[in-house]
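*Asks:* Just passing along the structure, written as C-alpha cells.
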Amino acid sequence: MKKNVKNNVSWIGYIDWDLQKFHGDDFTIHSGSSQNAYLIEEGKNVLVDTVWAPHQEEFIENLKSEIDLDKIDMIVINHGEKDHSGSLPALMKLIPDTPIYCTANAVKSLEGQYGKNGWNFHVVHTGDTVDIGNGKKLVFIEMTFLHWPDSMAVYLTGDNILFSMDAFGQHYAIEEMYNDKADQERLWDEAMRYYANIVAPFSPMVKKKVAEISAMNLPIDIIAPSHGAIWRDNPMQIVKAYADWADNYQEDRITIVYATEWHGTEKIAHAIADEIQKQSPDTIVKVFNADHVEKDDIVNSVFKSKAIAVGSPTILNGVVSSVAGFLYYLKSLRIKGKRAAVFGCYGWSGEGNKKLREMLSDAGYDVVPAEVKSYWNPEKDDFAKVPELVSQLLNGAPEEKETEDSSASSGLAKWQCPCGYIYDPAKGDPEHGIKSGTPFEELPDDWKCPVCGIPKSRFVQVK
Ligand code: FEO
C-alpha cells in the first residue's frame, strides 16, 4: 500500500520494525527503521529509490498493486547503498529499459555491487533538471560524501519536496510517517544518533551543502529522507540542526568511558563523575562501561559532550580491547573540538594512560595534562588528583594546547580534503612514507588523501 505524502507523491517503502542491527552488525538499532522509497505520478511516473533486497518481493508486489510497472517512466537512484538499491536488480529484470537517473559515482557503485547489466543510466549533476509534466520538474543536487561519494538528493518543483536520501534521516520506524506525529524525544535522539555515527565524518561537507542548498533558494515544504520520519512541520528545523551539529557541536555535558578488570578503574570513573557534579552542578554527566554499552550509543553521548574522560587498566602494555576498539571507532568519526582526560589502574608496567593519550590525540581530541594513574587500587592520593583532572576538563589547560598545536606554532598550515580529513604537517602521513614536519607543499604530486583517495590538488588550506 502506498501512502500519500502530498498531491501525486506517495511513500512506497518498507517499515522495518524488527531491525536490530545495520551495516552488518556494526550499528545498533533501537527504534526500528524504514527504507523510504517514493512514487511520483505526474505526466511522467517516477520511482525514487527502492528498498533493501530482503524486502524486494513485498516491495515489488506493493509497487505492482499501485502502478503498472511498464508505466514507470524513470527511476531515480539517489544512492547506491544496498538498503536503497537492493531491490533494483529484481525490478530491472521486469522493466529492463527503464532509465535510471543517478550520479556518475552511483553508476560505479551500482555496477560494482550488481555487475554490468546494461542498465539505461542517465548521469546527472547538480542543477540538471527533468520535466515530468503538469508543470513540475525534478532538480538534481549532488550530495557527494553525504555520506557516500555517490549520494544525491532530488527536488520536486511545484510540490516543493526535497528527497534528501540518508541526509536528515533517522533509524526510526514510524507508521504515522511525519515528524509532527513522532515522539519528539525519540525522533531527535535518533536523528542526532544517526548524524553522530554516520554523517559526522563528513561535517565539513554538511556545512558547504547546507549553504549551497540555501543559496539555491528552493522553497522547501517537505524534506523526505530515506529513513524514518518525513519532515513536513517546519522542515528547515532539521537543516538548521545539521548546520549546528556540523559546527563542533557540544552541550554542557561530559561523557566518561571506561573498562575495568577488578573495579579499580571503575572507582576512578565514578569519582570523576562525582567531582564534575561538585565543580559544575549543571553539567550533565554520563558514565559508560565500554564492555557493556554499544559503541554507537556511547558516541551519541560523546557527540553532545564538551569533554570526555577515558579510562582503562593497563593490560599487556596497552589498554583493554573494548576501549581500544571504541577509540578506533571514535577516530573514524572525526568529531572535533572536545577536550579529553585519561585515567586507569596498573600493577606492572603502566603504559595504559600513555596509550590512551596517544589514541585520543590521534583521534583529534585536546588531551589535558592532568590524569589519574593508580598503582593497583586507587587510594586517597589517587582520588586527590581527580579535582585537577576535572578542572582541566571543564576549563582547559592552555599551555598543553599550545604544545599540541605544533603545526600552528611552527607556521606550517594544515590542509583539508573534501572528505574532512586534515593533513597536519606536525603528524605527516607516516603510513604512506610522509615524515612528520613535511609541509603540505612538499608532498609528492601523486600523494592522495589517505582516507578517501582524493588527489592533493583538491585540498584547501585550513584557515
Ligand atoms: Fe541508508 Fe547510505 O544508506
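*Asks:* When the residues of the range 414-444 are filtered to those that are at pLDDT 90 or above and surrounded by fewer than 16 Cβ atoms within 10 Å (Cβ to Cβ), which remaining residue is nearest to A363 (Cα to Cα)?
*Replies:* P439
*Asks:* Tell me, which residue of the range 76-106 that is more than 11 Å from the ligand (Cβ to nearest atom) and part of a loop (DSSP other than H, G, I, E, B) is nearest to Q35 (Cα to Cα)?
*Replies:* S87
*Asks:* Quick test of your reading of the structure: S164 fulfils all but one of (1) more than 15 Å from the ligand (Cβ to nearest atom); (2) at negative phi. Name the failing condition by number.
*Replies:* Single failed check for S164: (1).
*Asks:* Take the range 33-58 and flag every residue that is within 15 Å of the ligand (Cβ to nearest atom), open to solvent by less than 30 Å² (accessible area, probe 1.4 Å) and not aliphatic (A, V, I, L, M).
*Replies:* S33, S34, Q35, N36, Y38, D49, T50, H55
*Asks:* Looking only at residues that are within 16 Å of the ligand (Cβ to nearest atom) and in a strand (DSSP E or B) in the range 142-156, which one is most open to solvent (accessible area, probe 1.4 Å)?
*Replies:* E142
*Asks:* OK, next. Scanning for something away from the ligand (no atom under 16 Å from the Cβ) and assigned to a loop (DSSP other than H, G, I, E, B), does the range 265-276 turn up at least one residue?
*Replies:* No; the residues of the range 265-276 include none that is away from the ligand (no atom under 16 Å from the Cβ) and assigned to a loop (DSSP other than H, G, I, E, B).
*Asks:* Give all pairs with beta carbons closer than 7 Å in which a residue from the range 52-75 that is farther than 15 Å from N36 by Cα and of a type outside the set (D, E) meets a residue that is assigned to a helix (DSSP H, G or I) and open to solvent by less than 30 Å² (accessible area, probe 1.4 Å); count only pairs at least 6 apart in sequence or on separate chains.
*Replies:* What qualifies is L69/L63.
*Asks:* Within the range 121-137, identify whether any single residue is within 16 Å of the ligand (Cβ to nearest atom) and more than 16 Å from I222 (Cβ to Cβ), and answer yes or no.
*Replies:* The answer is no, given that none of the residues of the range 121-137 is within 16 Å of the ligand (Cβ to nearest atom) and more than 16 Å from I222 (Cβ to Cβ).
*Asks:* Residue check, V239 against (1) in contact with a helix residue (DSSP H, G or I) (Cβ under 9 Å, 6 or more places away or on another chain); (2) within 16 Å of the ligand (Cβ to nearest atom), all met but one. Which one?
*Replies:* Single failed check for V239: (2).
*Asks:* Identify, from the list D159, D180, the residue that is surrounded by fewer than 23 Cβ atoms within 10 Å (Cβ to Cβ) and in contact (Cβ under 8 Å) with a residue 60 or more places away in the chain.
*Replies:* Exactly one residue qualifies, and that residue is D159.
*Asks:* Take the conditions open to solvent by less than 60 Å² (accessible area, probe 1.4 Å), within 25 Å of Y155 (Cβ to Cβ) and not in a helix (DSSP H, G or I) and apply them to A224. Does it pass?
*Replies:* Answer is yes for this residue.
*Asks:* Select, from L138, L110, the only residue that is more than 24 Å from H55 (Cβ to Cβ), open to solvent by less than 10 Å² (accessible area, probe 1.4 Å) and not in a loop (DSSP other than H, G, I, E, B).
*Replies:* L138
*Asks:* Filter the range 59-74 for residues that are within 16 Å of G13 (Cα to Cα) and acidic (D, E); which is most open to solvent (accessible area, probe 1.4 Å)?
*Replies:* The selected residue is E61.
*Asks:* Additional query: Over 26 Å from Y329 (Cβ atoms), open to solvent by 30 Å² or more (accessible area, probe 1.4 Å) and out of contact with any Pro (no Cβ under 7 Å at 6 or more places or on another chain): which single residue out of K295, K208, K286, K240 fits that description?
*Replies:* Only one candidate qualifies: K240.
*Asks:* Being of a type in the set (D, E, K, R), touching a residue at least 40 places away in the same chain (Cβ under 8 Å) and open to solvent by 10 Å² or more (accessible area, probe 1.4 Å) is the filter here; which residues of the range 331-354 pass it?
*Replies:* Answer for the range 331-354, where residues must be of a type in the set (D, E, K, R), touching a residue at least 40 places away in the same chain (Cβ under 8 Å) and open to solvent by 10 Å² or more (accessible area, probe 1.4 Å): R334, K336, R339.
The values are calculated or read from the model by the stated rules, or taken from the named source; none is laboratory data. Everything numeric in this text was worked out from a predicted model, so none of it was measured. FYI the Cβ positions are ideal-geometry reconstructions off the backbone, even for glycines, and counts take in every protein chain you see. Ligands, DNA and RNA are excluded from the accessible area calculation, which covers all protein heavy atoms including side chains. Shrake-Rupley method; radii C 1.70, N 1.55, O 1.52, S 1.80 Å.
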